[in-house]
Amino acid sequence: MDESGDLTGQWRFAQCFGDKGDVEDITEADIISAVEFDHTGDYLATGDKGGRVVLFERNHSKKGCEYKFFTEFQSHEPEFDYLKSLEIEEKINKIRWCRRTNRAHFLLSTNDKTIKLWKLYEKNLKVVAENNLSDEFRHPRPVLKPFTLPMQLKLPRLSHHDTIVAAYPRRVYSNAHAYHINSISVNSDAETYISADDLRINLWNLGISDHSFNIVDIKPDNMEELTEVITSADFHPINCNHLMYSSSKGNIKLLDLRQSALCDNHTKLFEDQGDQDSKSFFSEIISSISDIKFSQDGRYILSRDYLSLKIWDINMEKMPVKTIPLHDVLRSKLCDLYENDCIFDKFECTFSGDGKHALSGSYSNNFGIYPTDSSKLGDEGQVVLQADKAAFRARKSAASSTVKLNSMKSNDWDSRSPAPMGSASIGLDPDQLDYNKKILHASWHPFEDSVAIAATNNLFVFSKL
């Protein structure tokens with residue numbers, strides 16, 4: 001049996017959260033800008049452009065990977081920097097979970113300037129159920145005489161009223177970045193984390209919010225000599241002294257914190273020399289890396305630029321072990337994409353929990369799942385799915401006339417669809433793509449083949465059966 005066909009047939013749409021209205025009715029504040037599973041996969045967090053963080057909890061009463069609403073809170077508010085006359089948006093750029101050590105949950109969220117450590121915990125609400133006036137209120141009658149004996153006095157008694165999930169900002173890390181924060185990453189030691197902007201990377205202790213250590217600074221003395229900016233940064237999942245960052249030049253630098261306090265000199269440089277051969281006006285733009293991730297075992301690095309995914313072996317710097325072309329059909333449209341600013345879209349990427357697959361998004365709300373095995377060439381093993389409400393409605397409309405799909409709820413597109421959502425090859429026509437619909441943010445369950453996809457203001461969950 002064709003392996004790619006088998007893989008396609010096993011991926012299924014599981015859930016969708018969010019407003020089911022038309023795209024034209026979407027408000028800017030509702031657009032999802034960050035998605036992240038926690039380390040157990042039992043919780044899922046999303047952040048939006050309105051500064052809100054919404055959490056979902058695994059619904060263990062349901063079969064399969066399904067989630068239910070857990071809590072929601074306002075993480076960031078719009079601010080104004082009066083010294084620089086600059087508006088600071090409330091948009092959530094990144095969310096990162098901290099490893100759980102007690103009953104409470106901790107997560108980091110950041111906008112362009114300020115990082116916050118949130119504590120989420122169950123809080124019991126109690127009300128006064130009994131006091132000295134309780135009887136009087138229940139049975140109104142005049143008080144004939146005051147209390148004369150101690151036994152007549154009643155201590156107020158509290159009773160349980162409700163249990164809510166409370167969100168409390170445990171720490172606020174501010175005033176440390178002159179440029180927009182694009183990445184945060186929690187260290188494996190569970191004590192420190194890094195935050196990166198266009199030119200600097202800072203190292204923080206989670207318990208100290210009033211100062212941080214600058215460990216990378218690529219700002220030149222003369223800003224006219226600036227040739228690259230930092231685009232993403234990530235800690236090694238196992239070695240607490242290793243971290244990496246990517247740049248707009250298309251390279252990845254691995255750093256070792258044991259070498260020096262300021263990591264100006266990298267330990268390893270990952271750069272694809274083949275990309276340097278063909279130069280054009282758009283070469284630097286499309287080679288800029290928008291996201292990087294370590295595999296869970298720390299052996300491989302996944303990087304995403306505008307046209308491709310690349311998988312690097314941490315022990316081989318000269319070239320990637322595999323390059324997966326995603327947008328080759330768009331090479332002829334680069335001029336148009338430059339005009340409408342789509343060429344600057346920052347697509348994220350992620351490894352599966354076992355490192356055998358990689359995921360990244362595309363236009364028309366398409367996203368692809370690709371095998372990382374370098375022996376699989378071409379479209380072998382690839383799956384392209386679509387997280388789009390219109391596609392679901394079209395499939396349900398087509399399926400309603402078939403006998404074997406009669407049990408599907410044609411009016412409820414939120415229910416599971418038994419039909420596969422894509423094919424093993426993109427084969428996209430660039431003129432037919434909807435460039436206003438794009439999958440920029442996604443997260444993979446740490447242990448299962450389930451993915452969370454942000455599509456505008458909707459959160460989709462797909463699972464492999």
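Side notes on the structure shown:
- Dipole-positive endmost among Ile88, Phe106, Pro78 within segment 68-118 (Cβ charges, Cα centre): Phe106
- Shape of segment 40-91, Cα gyration tensor, a/c cut at 1.5: prolate
- Other residues whose C-beta falls under 12 angstrom from the C-beta of Trp444 contribute a net charge of -2, scoring Lys and Arg +1 and Asp and Glu -1.
- Principal axis dimensions, segment 245-303 - Cα atoms, whole angstrom, descending: 39, 26, 17
- The 3J(HN,Hα) values that the Karplus relation (6.51, -1.76, 1.60; θ = phi - 60°) gives for segment 69-85 are, in residue order, 4, 10, 6, 9, 8, 8, 7, 10, 10, x, 10, 9, 8, 6, 5, 9, 6 Hz. Gly and Pro appear as x.
- Residues in segment 155-196 reached by a label modelled at Lys126 [backbone nitrogen below 13 Å; 7 Å Cα→Cβ]: 156-162
- Taking all protein chains as shown and a probe of 1.4 angstrom, Glu28 keeps an accessible surface of around 110 Å².
- Model label points for Cys240 and Leu155, set 7 angstrom from Cα along the Cα-to-Cβ axis, are 4.5 nm apart.
- Computed FRET value (nearest 0.05) for Arg99 with Ser283, which takes r as the C-beta separation and R₀ as 35 Å: 0.30
- Stretch gain in nm, segment Asp328-Asp354, where the contour uses 0.36 nm per residue and the Cα spacing is subtracted: 6.6 nm
- Projected over every direction and averaged, the convex hull enclosing the alpha-carbon atoms of segment 217-271 yields 4.1 nm².
- When restricted to Cα atoms, segment 226-379 yields an Rg and a Dmax of 15.5, 46 Å, respectively.
- Within the accessible area of segment 306-364, the carbon and sulfur atoms contribute 52%, probe 1.4 Å, all protein chains present.
- With a simple spin-label model that places each label point 7 Å from the Cα along the Cα-to-Cβ direction, the separation between Phe80 and Asp313 comes to 5.7 nm.
- Rounded to the nearest 20 debye, dipole of segment 195-354 from Cβ charges on Lys, Arg, Asp, Glu: 500 debye
- Over 24 Å (Cα to Cα) - which of Lys49/Lys333; Lys322/Lys356; Lys293/Lys389; Lys62/Lys356; Lys116/Lys389; Lys279/Lys437 fall in this group: Lys49/Lys333; Lys293/Lys389; Lys62/Lys356; Lys116/Lys389; Lys279/Lys437
- Accessible area (Å², per residue) of segment 179-303, counting only protein heavy atoms and a probe of 1.4 Å: 45 Å²
- Largest first, the residues Thr456, Thr227 sort by 1.4 Å accessible area into Thr227, Thr456.
- Estimated FRET transfer efficiency when R0 is 22 angstrom, pair Phe213-Lys119 (beta carbons, to 0.05): 0.35
- For segment 19-92, accessible area per residue (1.4 Å probe, heavy atoms of protein chains only), Å²: 55 Å²
- Take each peptide in 198-208, 165-175, 351-361, count the other Cβ atoms within 10 Å of every residue, and average; sorted highest first, the result is 351-361, 198-208, 165-175.
- Overall, segment 293-338 carries a charge dipole of about 20 debye about its Cα centre when +1 sits on the Cβ of Lys and Arg and -1 on the Cβ of Asp and Glu, all other atoms neutral.
- Ranking Lys84, Lys438 from most to least accessible surface, computed with a 1.4 Å probe over the protein chains only, gives Lys84, Lys438.
- With DNA, RNA and ligands ignored, accessible area of Asp189 (1.4 Å probe; Å², nearest 10): 60 Å²
- Note on Asp341 and Asp162: their simple-model spin labels are 4.1 nm apart, each label 7 Å out from Cα toward Cβ.
The values are calculated or read from the model by the stated rules, or taken from the named source; none is laboratory data. Note that the structure is predicted; figures quoted are calculated from it, not measured. Using ideal geometry, Cβ is built from the backbone for each residue, glycine included, and neighbour counts are taken over all protein chains shown. SASA here: full protein model, heavy atoms, side chains in, ligands and nucleic acids out. Shrake-Rupley method; radii C 1.70, N 1.55, O 1.52, S 1.80 Å.
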